[in-house]
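In what follows, a single structure is set out as structure tokens and then discussed.
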Amino acid sequence: MSESVVKTSVEPIADLQEKILLLKKRIDRQKDLESRLNETLHSLRVHEEELRTQNDDLIAAQKEITQSQRKYLDLFDFAPIGYFLMDTLGVIQEVNLTGAGMIGRHRESINGKPFLLYVESAYRPILDSHLRQIWQGQSASAEVVFKQVNADSLPVELFSIPVRNESGQIVQSRTAATDISKRWQVEKALIESERKLDSIVKTIPDIVYRLDQNGMISFISEGVRRYGYAPDELQGKSMMSLVHPEDRSMARRRIDERRTGVRSTIGVEIRLLPKAKGTRSGSSAAKDASYFLVTAEGLYAGNNQQSGQFIGTQGIAHDITKRKESEIDRIRLETELQKARKMEAIGTLAGGIAHDFNNLLMGIQGCASLMRLDAHEDEQSLKRIEIIEQCVKRGSDLTKQLLGFAKSGKYNVKTIDINKIVNDAVQLFGRTRKSIIIQRQLDEDLWSVEGDLGQLEQVMLNLLINADQAMPAGGQIELVTENIESEMERLGFLELKPGKYIRILVKDTGIGMDDEIRNRIFEPFFTTKEMGHGTGLGLASAYGIIKNHGGAIHVASTPGQGSRFYVYLPATRDPVSEDSKAAIGIEKGYGTILLVDDEEMVLRVNGQMLERLGYQVLIAANGKQAMEIYQEKHKDIDLVILDMIMPGMSGFETYNLIKKINPDLKVLLSSGYSQNDQANEIIAVDQQDFLQKPFSLARLSHKINTILAKRPVRSAP
């Protein structure tokens, strides 16, 4: 190829390369411009956001300022104190709502008006002096009274300070007005109370007094008139002349001598004498002395106990005579409670005696019953047996009274009409007491009670007999029945729970009793009658029976003015039970009976009685033997006669152990006591029966036949 051709072809390439380079530079420049433009746009956006943020901050700040301004305006307007801004001429430039309210006008009508217009004319000189102090550059305070529209005047306390401009000139005052109407009322009341103090002291029942340094009365209130003295006649006399002689030594030490600090007298009990009248002796006046609680303190010149001069004492004597009488009554009630506890202890002893005595009577009664079976037609022997049985009955009646006093249980509980018991007792009692007039006031709507009919009949007869014996020459007995609802304050001293009760009053016109006899009237074997004319168990038995029925018996009596016996019994709304009695004769039977008793004599006699009735008898002298025998022969035993009171294993424990062997066993419970809580539990839960010692052969046979009549039928041996 020729050189010219090569050169020609190279030149266009070089031009093209140059153009490419130029184009590339333009492109780079364009990119650079675009980059700068983007940076500028970004900066503008950032600046725009900053401006927007600043604008938001300004808006928020403006809002906060507005809220703060509103808050402070509210605080200014609704502050409990009135605020006034005044110029140097005393013209109001601004006032808050509280201040406008104090004046009783709208704020708009107050601004631009002289402050003086709204102050009572009598207080304007005080306001002028107040404003002059402000314009002299001093803060000032004053009490004035605002005039209010259609309202009472309002006393206020003003407190003002001067306001200066930049050059230090006083141009304004700021005044705060505080409502002091309540303070003025208190001060006015205080002045009034001081004015009335003398009249109050004159009318209070307590004795207010003041003594000089020598113990002489320098002032004493009108309260002393209640005790026969005139205040004027006691002026200058010794306070000790009013004090009971037995209390004067203490009075000098606790009241009359110098009283300082902790030695001030508070609540010292002292007796003061009433003024003797007529022919009453000094001892009579001393007997009528009233009890006072005295509070006293020393008086010192300058009211300074440490350095002031002692000038006398002053104090108040408060009459506590009624309270002392109440304390005496309380002591009497505590004595009654102690007596009740003593009676309970005696009752426990009486119950134990009755139990042992009943076991002895059981042996005698059992032997008499067996002798009667053997006597046949021997009239002489039958008469002797009858005498023995009569003695046993009298002994049994005696132990019943002891058991009644001992509160050892109720025999046969049913719902009873007390009015019927009262009427029946009056009818029986009245046949032989013709010299006694009996009046009855019986509540026709009287509630019924739950109790033992025989025991409650015994109580009524004992009370009537006691009333009769208190009236040997005849007299009158009043019987009252009524419904009452007990409250602790009313019957608490009788240890009765709040609730419904019926009350029986037996009132006589007899010889009455002194405190010594009245305090012992319910003790067993205590009697005021001659030997052989009473056992002293009638009222003791009544006391125990009523206590055992959840009630109480109380006596009030005065020598020569008769006695009043109050009987309280818990009431019930249940209907009265029907009364039924059936004749009892000797009934023979068959079967095997386990006899359990710790008394050897009772075991022997009762065992023979059971054998004569046709029963096979197994003997156990205690609970342990009874368990062993019953465990071995329970399939052959038809009935267990179980004594409830035994040493070691009691009848209750023995019963529960035997019951585990045979849950369907039949038991006749027996005791020298009457039914106790354990026997009642067995009777109520398992429907078993109870027989009180001593019992006759006929009653024993009837009980056994009644129980065994429910057993499965089997042939007699």
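Nothing in this text is a laboratory measurement; each read-out follows from the coordinates by a stated rule. In this text, all values refer to a predicted model and were calculated from it rather than measured experimentally.
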* Would you list, by chain and number, the aspartates and glutamates whose Cα falls below 16 Å from the Cα of Lys25, excluding same-chain residues fewer than 8 positions away? => Asp15, Glu34
* To do: State the Kirkwood hydrodynamic radius of the stretch 592-708 in Å, one decimal place, computed from all pairs of distinct Cα atoms.
  => 13.9
* Asked: How long is the gain from Glu379 to Asp28 if the chain were fully straight, where each residue apart is worth 0.36 nm and the alpha carbon distance is subtracted?
  -> 109.8 nm
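To one decimal place, what Kirkwood hydrodynamic radius in Å is obtained for the stretch 122-205 from all pairs of distinct Cα atoms? The partial results should precede the final answer.
Working: mean 1/r = 0.0641 Å⁻¹.
15.6 Å is the Kirkwood radius here.
Among the listed pairs Lys393/Lys635; Lys414/Lys660; Lys202/Lys275; Lys500/Lys660; Lys383/Lys633, which have their C-alpha atoms separated by more than 30 angstrom in this model?
Violating the 30 Å limit, Cα to Cα: Lys393/Lys635; Lys414/Lys660; Lys500/Lys660; Lys383/Lys633.
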* Asked: Which aspartates and glutamates have a Cα less than 14 Å from the Cα of Lys237, not counting those fewer than 8 places away in the same chain?
  -> Asp212, Asp256
